[in-house]
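As structure tokens, the structure follows; a few thoughts come after it.
Every read-out reported here was derived from the displayed coordinates using simple, explicitly stated rules and does not represent laboratory data. Since the model is a prediction, treat every value here as computed from it, not as a measurement. Here the Cβ positions follow ideal geometry from the backbone for every residue, glycine too, while neighbour counts run over all protein chains shown.
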Amino acid sequence: MVAIAFYSITGQTKRFMEKTQLKAHQISDANPKYDMGQKYILIVPAYQDFMMDSVVDFLTFKDNKKNIIGIIGCGNRNFNDLFAQTAKKIAATLNIPILYLLEFSGTDEDVKNVRKIVHDLSKGESTKEVQKPKELRVTLAS
């Protein structure tokens, strides 16, 4: 199974992870330097950059930056362009794919989709069959 690391400030991301029943490492503010030691997915909430220092410390520890294979972002769609901003910034900086975006602690559909993404990545399969949130759907103008 592909590994998962997540960060939670208000508890929304942690609640989502509990709903998925997937084993995951929680990045802590007290000790963010943890070596994942394998390929993994990062799940993060959306907050201002200065609130994400623990995530930066985690990513820059040992080979964590090299081993990340994708990111899932959580947030509040009421913030429009700032929705899932942390995931978008990390994806752009590290040149990794955004695998999924969800709001607050996620819906049952989000749980199902993220579990499928983890399952598919663990088997070396594509995640293209998962219905992506509207922010990740690309339409070409005719």
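Values for this structure:
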item	result
Rounded FRET efficiency, nearest 0.05, which uses the C-beta distance separating residue 47 from residue 1 and R0 of 25 Å	0.35
Global form of the chain, assessed from the alpha-carbon gyration tensor, a/c cut-off 1.5	rounded
Peptides ranked, highest mean first, by Cβ atoms within 10 Å: ranges 24-35, 84-95	84-95, 24-35
Sequence ranges 118-126, 73-81, 98-106, ranked by mean other-Cβ count within 10 angstrom, highest first	98-106, 73-81, 118-126
Taking the chain and dividing mean pair separation by its residue count, relative contact order in percent (alpha carbons under 8 Å, at least six apart)	24 percent
CD proxy at 222 nm, helix term only [per DSSP H run n ≥ 4: -39500 (n - 2.57); per residue of the chain; nearest 500]	-9000 deg cm²/dmol
FRET efficiency for residue 25 and residue 108, using Cβ-Cβ distance with R0 set to 22 Å, rounded to 0.05	0.35
Length gained when the stretch residue 80-residue 122 is fully extended (0.36 nm per residue, less Cα-Cα span)	11.9 nm
Segment residue 95-residue 60, extension gain: residue separation times 0.36 nm, minus the distance between their alpha carbons	11.1 nm
Cut-off under 5 Å, modelled amide H: who pairs with residue 4 long-range	25, 41
Global geometry of the stretch 1-60, whether rounded, prolate or oblate, following the gyration tensor of its Cα atoms and the 1.5 cut on a/c	oblate
Protection proxy ranking of 48-54, 5-11, 107-113 - average other beta-carbon atoms within 10 Å, highest first	5-11, 107-113, 48-54
